[in-house]
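Peer 1: I have a structure here, written as structure tokens, and I will follow up with some questions on it.
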Amino acid sequence: QVQLVESGGGLVQPGGSLRLSCAASGSIFSIYAMGWYRQAPGKQRELVAIISGDYRTNYANPVKGRFTISRDNAKNTVYLQMNSLKPEDTAVYYCKTDRAGMAYWGQGTQVTVSS
């Protein structure tokens, strides 16, 4: 069983920054990939960024150069640093991991980019 708890969302003006955190409990954290996803109202959930157990990263095109995913295995935590935020980044952000073919999701944290 894996539990994921996101935090760090909020309201920010365009051009601002936020850092999201996702704390994981349960089984061994360090060897598993972790991902950040988002879902805007009326849209499908989409991948934002992913980091493997050996720190390889991949980003969706809309966030490349603005967002950075990282992990601290000592704290069982993955982060998403979001800079130069745009109104179209407004969404609920979720972290996700997979264990033995099962997907585990956090409860989500709301990010709203608005002036």
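The values are calculated or read from the model by the stated rules, or taken from the named source; none is laboratory data. Predicted model, so just to flag it, every value in this text is computed and none were measured. All Cβ positions, even for glycine, are placed from backbone atoms using ideal geometry, and neighbour counts span all protein chains on display. Accessible surface areas use protein heavy atoms only, side chains included; no ligands, DNA or RNA. Shrake-Rupley method; radii C 1.70, N 1.55, O 1.52, S 1.80 Å.
Peer 1: Identify all residues within the stretch 38-50 that are open to solvent by 20 Å² or more (accessible area, probe 1.4 Å) and within 15 Å of the chain's Cα centre (by Cα); write none if there are none.
Peer 2: Those that are open to solvent by 20 Å² or more (accessible area, probe 1.4 Å) and within 15 Å of the chain's Cα centre (by Cα): Gln39, Ala40, Arg45, Glu46, Leu47, Ile50.
Peer 1: If you don't mind, there's one more thing I want to ask. Restricting to the stretch 1-16, name every residue that is outside any strand (DSSP E or B), under 22 Å from Pro87 (Cβ atoms) and either out of contact with any Ser or Thr (no Cβ under 8 Å at 6 or more places or on another chain) or open to solvent by less than 40 Å² (accessible area, probe 1.4 Å) (or both).
Peer 2: Gly8, Gly9, Gly16
Peer 1: Considering only residues that are aliphatic (A, V, I, L, M), farther than 15 Å from Trp105 by Cα and touching a residue at least 40 places away in the same chain (Cβ under 8 Å), which ones fall in the stretch 21-41?
Peer 2: Result: Ala40, single match.
Peer 1: Can I ask one more? Within the stretch 17-31, restricting attention to residues that are open to solvent by 70 Å² or more (accessible area, probe 1.4 Å) and in a loop (DSSP other than H, G, I, E, B), which residue is nearest to Glu88 (Cα to Cα)?
Peer 2: Restricting attention to the stretch 17-31, the residues satisfying the condition of being open to solvent by 70 Å² or more (accessible area, probe 1.4 Å) are 19, 28, 31.
Narrowing further to those that are in a loop (DSSP other than H, G, I, E, B): 28, 31.
Details: Ile28: 35, Ile31: 32 Å.
The qualifying residue nearest to Glu88 (Cα to Cα) is Ile31.
Peer 1: State which residue is surrounded by the most Cβ atoms within 10 Å (Cβ to Cβ) when the search covers only the stretch 71-95 and only residues that are in contact with a strand residue (DSSP E or B) (Cβ under 8 Å, 6 or more places away or on another chain), under 14 Å from Ile31 (Cα atoms) and not acidic (Asp, Glu).
Peer 2: Out of the qualifying residues, it is Val78.
Peer 1: Test of understanding: among Gly53, Gly35, which residue is open to solvent by less than 30 Å² (accessible area, probe 1.4 Å), of a type outside the set (A, V, I, L, M, F, W, C), closer than 19 Å to Met102 by Cα and within 12 Å of the chain's Cα centre (by Cα)?
Peer 2: Only one candidate qualifies: Gly35.
Peer 1: Yes or no: the stretch 47-55 includes at least one residue that is under 16 Å from Gln110 (Cβ atoms), in contact (Cβ under 8 Å) with a residue 60 or more places away in the chain and not in a loop (DSSP other than H, G, I, E, B).
Peer 2: no
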